[in-house]
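Following: one structure in structure tokens, then a few remarks.
The values are calculated or read from the model by the stated rules, or taken from the named source; none is laboratory data. The structure displayed is predicted, hence computed values, not measured ones. All Cβ positions, even for glycine, are placed from backbone atoms using ideal geometry, and neighbour counts span all protein chains on display. These area figures cover heavy atoms from the full protein model, side chains too; ligands, DNA and RNA do not enter into them. Shrake-Rupley method; radii C 1.70, N 1.55, O 1.52, S 1.80 Å.
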Amino acid sequence: MKRLQKLLFFLFQSVTLGLAAAFVVVWLRPDLLSSINGLRRSPPVAATSASFRSAVQAAAPAVVNIHSAQAVEGGVTPWLDDADFVPEDRIETTLGSGVIVGEEGYILTNHHVIRDANSVQVALADGRIAPAAVVGADPDTDLALLKIELANLPVITMGRSDEIRVGDVVLAIGNPFGVGQTVTQGIVSATGRNYLGHATFENFIQTDAEINPGNSGGALVNARGEMIGVNSAILSRSVRANGTGFAVPVNLARGVVNQLIEHGRVIRGWLGVDPQDVTPELAEAFGLEDDSGIIVRDVYRGSPAEAAGIERGDAITHINDNAVANAHEALTLIASTAPGETVRIRGVRRGQPFVTKAIIIERAPVTGS
């Protein structure tokens with residue numbers, strides 16, 4: 001009997017110690033329970049919060065508000081039959097945005113923000129205000145360059161727009177509706193957008209980051225705070241176009257800035273033809289192998305094209321050794337050719353191949369919008 005009692009006491013003591021040990025282990029290592037009965041739990045995921053504050057802090061100080069004023073002669077008569085009423089001159093103002101791109105005080109913005117302005121004022125994010133002089137404008141890309149005389153200016157870092165991809169996160173920084181500096185976030189929706197009718201040379205970045213009136217001229221930046229575009233347009237002001245904004249790529253803007261600083265204008269080549277894209281139907285009608293190239297709708301009088309013997313109805317397929325895909329590409333190729341250079345043009349005329357040469361001249365600047 002005593003031996004049985006000792007055995008039972010030993011078993012009770014062992015079970016008690018075992019349960020106590022198990023409790024301690026489970027309390028210290030609850031993750032060990034995940035393997036019981038073949039069940040496995042994923043390790044806990046650390047809580048994270050996506051934030052672009054670093055990108056905003058890097059880029060936002062260089063984004064400015066622009067206030068331009070234009071004197072307009074005459075006003076609107078309140079009563080059309082009031083012969084004694086003399087309309088008074090009035091001042092029209094425009095609000096927009098800009099980006100400081102040089103420590104010398106250079107500010108990049110849209111041409112339509114400062115078009116016809118008699119005076120331009122720039123307000124920095126740090127509260128400073130200064131008058132701005134117009135260095136030059138390029139209506140063909142809807143860009144303009146201003147200059148202010150202030151020290152210790154924050155300058156934005158320019159990225160590369162050729163490296164962006166659809167789906168990349170972007171931030172639009174500007175002054176929508178004049179409420180003050182605002183940041184909106186979205187993605188790159190598309191690249192290479194053209195034929196929008198906003199400018200002559202279009203190669204827009206499309207984004208769903210909100211771009212509202214007043215955002216024009218502001219910065220489109222990547223997640224590192226580098227500028228990749230200049231916010232320029234929405235699809236239409238007459239319809240609700242949320243999520244459809246467009247920005248001039250920074251690679252194009254960089255070249256415009258350099259030329260405006262050096263020449264006060266952008267120097268581009270001009271051939272003097274009115275090009276039309278080739279459709280499959282036109283390709284068949286003109287005896288072309290495919291629908292690449294352009295059809296010449298018109299030849300401007302006194303142009304290099306006229307001097308080279310190019311005719312209406314010609315199909316141009318190559319400029320120098322570059323195959324021409326469409327009218328947009330043809331304009332870009334010619335525009336990038338320095339005035340005075342000779343280009344070799346190949347194409348098809350009335351079903352037969354032809355070759356000619358043209359001496360490119362400078363494209364006349366666009367006036368108006």
Exercise. How would you order 57-68, 209-220, 319-330 from highest to lowest mean count of nearby Cβ atoms within 10 Å?
Worked result: 209-220, 57-68, 319-330
Exercise. Using the heavy atoms of the protein chains alone and a 1.4 angstrom probe, what is the accessible area of segment 260-369 per residue in square angstrom?
Worked result: 56
Problem set entry | Solvent-accessible area, 1.4 Å probe, carbon plus sulfur percent, for segment 305-369 | 50
Seminar exercise, completed: Karplus ³J(HN,Hα) for segment 314-321 (6.51 cos²θ - 1.76 cosθ + 1.60, θ = phi - 60°; Hz, whole; x = Gly/Pro) runs 5, 9, 9, 10, 9, 10, 6, 9
Problem set entry | Rounded accessible area per residue of segment 101-180, 1.4 Å, Å² | 44
For this session: Distance between Cα centroids, segment 239-303 to segment 137-203: provide it in whole Å.
Result: 20
Problem set entry | Amide H contacts under 5 Å for ILE187, placed H, 5+ residues apart | VAL170, ASP208, ALA209
For this session: Just order 103-115, 291-303 by mean Cβ neighbour count inside 10 Å, highest at the front, would you?
Result: 103-115, 291-303
